Amino acid sequence: HSTHKSVKSVKSMKSTTRAVKMADTTVLKLRPKAPMICHSSDTVLGVSQMLASKRGDAAIITDSSGGLAGIITDTDVTRRVVAKKLPPSSTRVSDVMTANPTCVSSSDSATDALVTMVENHFRHLPVTDDNGAVVGVLDIAKCLNDAITKLEKQKDKSSSAAEDAVKQMASLQGAGGAQAAALQQLLGPLLSQAFGGQSSPTLRTILAGKLSTIASPGTNLQEVGSMMAEARKAALVVDNGKLIGIFGFKDMMSRAIAKELPLELTSVSSVMTPNPESVSPDTTVLEALQIMHDNRFLTLPVCEDNGLVLGVVDVMDCVYASGGADGWRSIFASAMECDDITDTASVHSTHKSVKSMRSTRAEETPVSKLRPKAP
């Protein structure tokens, strides 16, 4: 009887462990952002001002009964309002939002939710509770950053496996240096396995054939917005062949629309982010993902060594260039399995660990990989 009891106990413990693990891998483990909610009768101007004040980039739109009606993002404001010359102060958000967006439940699989975003090229995905109420929003860039952070922690726990990974990826990609080694042992083996052993493409490959979004300092925001909408990319401000600034979709919404600037009379140089950092076109997608993760960048200008501006890539470009949804499913699943800070851990300890990782990597990263801003 005592033997049977102990066996039963072990089975019960295993069952509980499996149940806990399943609960841990739901969408809630991805820590969705709190939703920023507006009403369908609100104007684009009002929504832009609300998002700007909260430093947000997407708003959940509700109908008269409080149900989910749609979603609008900073990109939508440029593509559907600015580019079409609609007046933000009198255009209702319901006329330009994405109606009835795809959603996931907070109890759905975290990996499935992330793959859904990759497959459909979604940057944002609303999260609902069991009653259909929106309780959060997933941001693929944040989720990717979190996944890389988890994999970094796992990497630190298995140094011997990491050394093998460096040798494996060095032979595949021929990349050298401490930075390349660090990121190869992080994502290299997973990418190689997930995407059939193919080497990581360079940013030059990604930019080939893409529309240019280069503007001169005096170009007005109306023209810049039309160019950005067509290419679905941030604008690079170039003067005499030199990159002097960058202007993104969030900038258009928060620095121009929210402040009611006259678009045709406002030059892009007056609202751009000056002297952005840039990377070489020979940077691999793998390296670009790591650089964007380390610096919390969403976009990276790409310039030749002589300063010639080639274009700009974003997080999503790198995700899609690395392989299909099945490959990312493997990577996200690996991240979900990694030991991570528990949900009850303090925010302060999380910030501390991230800061610590950044300072450690800062010692390894050569300046050549991330070109510093002009003095």
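The values are calculated or read from the model by the stated rules, or taken from the named source; none is laboratory data. What you see is a predicted model, and the numbers here were worked out from it, not measured in a lab. Don't worry about glycine lacking a Cβ; one is built from the backbone with ideal geometry, like all the others, and counts go over all protein chains shown. To get the accessible areas, we keep the full protein, side chains included, count just its heavy atoms, and leave off ligands, DNA and RNA. Shrake-Rupley method; radii C 1.70, N 1.55, O 1.52, S 1.80 Å.
Could you check the range 29-77 for strands (runs of 3 or more DSSP E) lying wholly inside it with 3 or more residues that are crowded, with 20+ Cβ neighbours inside 10 Å? Write out each step before concluding.
Details: elements: 37-39, 58-62, 68-73.
In the range 29-77, 58-62, 68-73 are the strands (runs of 3 or more DSSP E) which contain 3 or more residues that are crowded, with 20+ Cβ neighbours inside 10 Å.
Does any residue of the range 110-119 turn out to be surrounded by fewer than 19 Cβ atoms within 10 Å (Cβ to Cβ), at positive phi and either within 15 Å of the chain's Cα centre (by Cα) or without any contact (Cβ under 8 Å) to a residue 40 or more places away in the chain (or both)? Scanning the range 110-119 turns up no residue that is surrounded by fewer than 19 Cβ atoms within 10 Å (Cβ to Cβ), at positive phi and either within 15 Å of the chain's Cα centre (by Cα) or without any contact (Cβ under 8 Å) to a residue 40 or more places away in the chain (or both).
Restrict the check to the range 303-312 and report whether at least one residue is part of a helix (DSSP H, G or I), at pLDDT 85 or above and within 23 Å of residue 57 (Cβ to Cβ). Write out each step before concluding.
The initial filter retains those residues of the range 303-312 that are part of a helix (DSSP H, G or I), namely none.
No, because not a single residue in the range 303-312 is part of a helix (DSSP H, G or I), at pLDDT 85 or above and within 23 Å of residue 57 (Cβ to Cβ).
Within the range 255-285, the set of residues being within 20 Å of the chain's Cα centre (by Cα), over 23 Å from residue 83 (Cβ atoms) and open to solvent by 40 Å² or more (accessible area, probe 1.4 Å) comprises 277 only. In this structure, residue 122 does not satisfy being of a type in the set (Phe, Trp, Tyr), modelled with pLDDT under 90 and either open to solvent by 10 Å² or more (accessible area, probe 1.4 Å) or over 22 Å from the mean Cα position of the chain (by Cα) (or both). Does residue 164 qualify as being open to solvent by 60 Å² or more (accessible area, probe 1.4 Å) and either at pLDDT 55 or above or over 30 Å from residue 88 (Cβ atoms) (or both)? Considered against the rule, which asks whether it is open to solvent by 60 Å² or more (accessible area, probe 1.4 Å) and either at pLDDT 55 or above or over 30 Å from residue 88 (Cβ atoms) (or both), residue 164 comes out as yes. For residue 133, the requirement of being open to solvent by less than 20 Å² (accessible area, probe 1.4 Å) and not polar (S, T, N, Q) is not met. Of the residues in the range 65-76, none is modelled with pLDDT of 95 or more, over 18 Å from residue 50 (Cα atoms) and out of contact with any strand residue (DSSP E or B) (no Cβ under 8 Å at 6 or more places or on another chain). Quickly run through the range 224-242 and pick out the residues that are open to solvent by 20 Å² or more (accessible area, probe 1.4 Å), in contact (Cβ under 8 Å) with a residue 12 or more places away in the chain and farther than 21 Å from residue 58 by Cβ. The answer is 226, 227, 230, 238, 239, 241, 242.
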